[in-house]
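Below you'll find the structure, written out as structure tokens, and then a few comments.
The values are calculated or read from the model by the stated rules, or taken from the named source; none is laboratory data. Because the structure is predicted, anything quoted here is derived from the model rather than measured. Cβ atoms come from the backbone with ideal geometry, glycine included; neighbour counts cover every protein chain shown. Side chains included, ligands, DNA and RNA excluded: accessible areas come from the protein's heavy atoms. Shrake-Rupley method; radii C 1.70, N 1.55, O 1.52, S 1.80 Å.
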Amino acid sequence: MNQIAAGEVVDRPAAALKELLENSLDAGARSVSVDLSEGGVRRMRVVDDGAGIDQDDLPLAVARFATSRIATIEDLERAATLGFRGEALASIGAVARLAIVSRRADAKHAFRIACEAGVVSPIEPAALAAGTTVEVEDLYFNTPARRKFLKSEATEFARCEEAFTRIAISRPQVAFALAHNGRRSAHMPPEGARERAARLVGDDFAASAVEVDSQGSRARLAGLVAAPGFTRANRDAQFLYVNGRFVRDKVAAHAIREAYADVLHHDRHPAYVLFLEIDPALVDVNVHPAKSEVRFRDSSAVHQFVFHTLSRALSTPGVHQKPGTGPGLLPGGQPGSVPGFAFPQQGAFAMAQPASAYASMFETAVADERRVAASAAEPTQSPPLGYALAQLHGVYVLAQNAAGLVVVDMHAAHERIVYEGLKEALDATTLPSQPLLVPISVTATPEEIEQATNGRAELETLGFDVAASGPRELLIRAVPALLADLDASGLLRSVLREMGEFGASRVLVERRNELLSTMACHAAVRANRTLTIAEMNALLRQMERTEFAGSCNHGRPTWVQFPMADLDRLFMRGR
Ligand SMILES: Nc1ncnc2c1ncn2[C@@H]1O[C@H](COP(=O)(O)OP(=O)(O)OP(=O)(O)O)[C@@H](O)[C@H]1O
Ligand SMILES: [Mg+2]
């Protein structure tokens with residue numbers, strides 16, 4: 001079984017719940033109801049009306065690596081069901097008291113099997129109308145070390161709710177219900193995708209979202225994406241499913257963000273519910289114990305497919321400014337009166353860094369001119385992007401290199417250089433902190449308070465000084481100096497959430513890079529600025545240092561090569 005990534009399948013109640021819900025969906029359930037007690041730790045019950053499990057198959061269901069779904073490795077590659085490892089129930093049964101009662105439509109009555117800390121009890125007859133009921137009690141009762149890692153009841157329940165929501169969004173045709181400690185927290189009938197999204201993502205999102213449906217040769221992308229005016233301050237409303245599974249995928253996320261690039265401010269996040277259906281042979285779902293990450297065989301093809309589909313959808317006339325759907329972000333980047341939208345001010349740092357990066361870029365210009373003269377005598381020494389010839393309409397730099405003509409988008413190229421430079425400059429240091437004259441008090445949920453208290457040291461490395469000042473209140477005494485102009489409480493909230501989800505380092509890197517890219521855009525040379533030949537050569541040299549140093553060229557190109565052969569063909573030379 002070493003084709004299967006071994007690992008912890010159930011690291012917390014939400015993970016167990018996700019597995020049980022997926023099993024219900026795999027069994028074709030039309031209705032699934034969930035009852036949790038004490039954050040799912042004390043008890044978790046999932047009742048479905050699916051196909052049920054045969055009496056003879058019950059012992060297999062709780063045996064590790066027994067699955068009704070996969071016979072060969074080839075099957076694994078094209079798994080159409082959410083489950084394929086035959087590991088989930090056995091893993092749960094190993095760390096809890098698990099009981100399954102199930103009845104197939106053709107059976108006279110139901111059967112029950114139990115598994116407690118890995119010990120399977122004999123099957124016995126039981127009563128149940130149809131489908132399957134799985135009950136998990138006292139999670140981690142036999143593994144105190146794991147139990148210690150559990151967060152508060154509120155946090156564990158919130159995670160369960162999140163897992164539940166992700167699954168409910170993906171199957172609008174299935175009815176779902178959720179209760180916690182006897183109190184009903186969600187109840188939804190079978191409905192359309194837009195209705196389900198309205199319920200779980202938000203009415204404003206669903207009302208304005210643009211429908212996407214694009215069929216490629218081996219993939220299809222369908223779903224709802226926010227109209228540009230309905231972006232969010234955080235990534236909460238991003239639901240991407242690959243072959244029916246909720247995943248976090250950098251490739252698709254990047255493509256989506258690129259598609260919004262012209263209509264979205266750096267500080268805002270797109271909202272979407274997207275389903276990518278792709279030939280299972282082209283995607284590896286077996287890279288993460290919870291199957292929450294995938295690896296595409298050809299990630300650049302996926303990137304292009306997603307990017308083009310969304311670009312097309314977002315550029316459809318009427319999308320940017322739907323009458324009556326509220327203010328949009330104009331392509332020019334002017335902020336509309338979007339609630340909560342704060343246009344970042346450029347602080348002292350924001351100005352100083354790019355300005356010096358810009359100045360140093362031109363310092364090399366003189367030296368380069370000397371090399372231009374030298375290389376005229378020695379043409380083989382020509383640098384990859386060659387030497388500038390002229391500027392076209394204040395937008396493009398034309399250059400000659402060994403292969404032919406190079407055309408550079410001046411603003412895009414400089415933006416990239418400034419951005420990479422800033423990133424590099426900051427990589428070594430931790431974020432400086434800026435104390436607030438008047439501390440900001442923020443109402444917070446118990447989970448947020450817990451996250452802030454436990455993660456105090458991590459927060460400090462990010463430049464935050466935060467303390468609980470009441471049962472539902474946090475006090476921000478200092479903020480990261482670089483981000484001092486942004487909405488501090490919103491920033492803290494997303495930091496806390498992401499710290500819980502991904503760990504501190506990732507938050508630091510991602511938020512910071514977003515901010516830097518905003519700064520870089522503001523600082524980069526604008527189109528229509530006349531450059532001297534020396535300045536243009538300096539730009540080319542900086543590009544070589546930046547782009548050829550291995551940083552990949554995301555999204556829009558900064559330069560294009562026109563080889564001599566292509567030009568010759570245009571003019572039918574040498575035919
Ligand atoms: N709610 C259910 N209704 C019907 N059959 C179920 C249900 N839950 C589990 N089963 C059966 O029990 C088997 C084992 O489930 P388990 O979740 O452990 O493995 P799996 O779903 O096959 O793979 P994975 O470990 O990837 O989830 C399933 O293959 C399925 O046949
Ligand atoms: Mg399963």
Residue hits (the range 92-128; closer than 17 Å to residue 19 by Cα and in contact (Cβ under 8 Å) with a residue 40 or more places away in the chain) are 92, 95, 96, 97, 100, 102, 115
Failed condition for residue 169, given (1) touching a Phe, Trp or Tyr at 6+ places or on another chain (Cβ under 6 Å); (2) more than 20 Å from residue 200 (Cβ to Cβ), with all others met?
(2)
Kindly establish whether residue 255 is closer than 21 Å to residue 168 by Cα and among the small types (Gly, Ala, Ser).
no
Taking into account only those residues within the range 18-29 that are within 12 Å of ligand 2 (Cβ to nearest atom) and touching a strand residue (DSSP E or B) at 6+ places or on another chain (Cβ under 6 Å), which is nearest to residue 152 (Cα to Cα)?
20
For residues that are of a type in the set (A, V, I, L, M) and within 13 Å of ligand 2 (Cβ to nearest atom), tally how many sit in the range 30-62.
5
Residue 94 passes all but one of (1) away from ligand 2 (no atom under 12 Å from the Cβ); (2) at pLDDT 80 or above; (3) under 27 Å from residue 175 (Cα atoms); which number fails?
(3)
Check on residue 165, open to solvent by less than 60 Å² (accessible area, probe 1.4 Å), touching an Asp or Glu at 6+ places or on another chain (Cβ under 6 Å), β-branched (Val, Ile, Thr) and within 24 Å of residue 33 (Cβ to Cβ)
no
When residue 170 is run through (1) hydroxyl-bearing (Ser, Thr, Tyr); (2) at pLDDT below 95; (3) closer than 20 Å to residue 237 by Cα, the failure sits at (2)
For residue 494, which of the numbered conditions (1) at pLDDT below 60; (2) within 30 Å of residue 11 (Cα to Cα); (3) not aliphatic (A, V, I, L, M) fails to hold?
(1)
Scan the range 57-72 and give yes if some residue there is modelled with pLDDT of 90 or more, closer than 20 Å to residue 157 by Cα and more than 7 Å from ligand 1 (Cβ to nearest atom), otherwise no.
no
Inside the range 121-150, can you point out the residues that are touching a strand residue (DSSP E or B) at 6+ places or on another chain (Cβ under 9 Å), open to solvent by less than 30 Å² (accessible area, probe 1.4 Å) and assigned to a loop (DSSP other than H, G, I, E, B)?
139
Just to verify a result, which residue in the range 80-91, among those that are near ligand 2 (Cβ under 8 Å from one of its atoms) and part of a helix (DSSP H, G or I), is farthest from residue 285 (Cα to Cα)?
89
Looking at the range 186-213, which of its residues are in a helix (DSSP H, G or I) and open to solvent by 20 Å² or more (accessible area, probe 1.4 Å)?
193, 194, 195, 198, 199, 200, 203, 204, 207
Residues 466, 509, 479, 438: which one is within 24 Å of residue 154 (Cβ to Cβ), outside any loop (DSSP other than H, G, I, E, B) and either modelled with pLDDT of 85 or more or not polar (S, T, N, Q) (or both)?
466
Does residue 557 qualify as being open to solvent by 20 Å² or more (accessible area, probe 1.4 Å), within 27 Å of the chain's Cα centre (by Cα) and modelled with pLDDT of 65 or more?
yes
Check whether at least one residue in the range 30-40 is at pLDDT below 95 and surrounded by fewer than 16 Cβ atoms within 10 Å (Cβ to Cβ), and report yes or no.
no
Consider only pairs whose beta carbons are under 6 Å apart and that are at least six residues apart or on different chains; among these, list those whose first residue lies in the range 156-169 and is part of a helix (DSSP H, G or I) and whose second residue is of a type in the set (S, T, N, Q).
none
Considering the range 94-120 alone, what residues qualify as being at negative phi, outside any strand (DSSP E or B) and away from ligand 1 (no atom under 13 Å from the Cβ)?
95, 96, 106, 108, 109
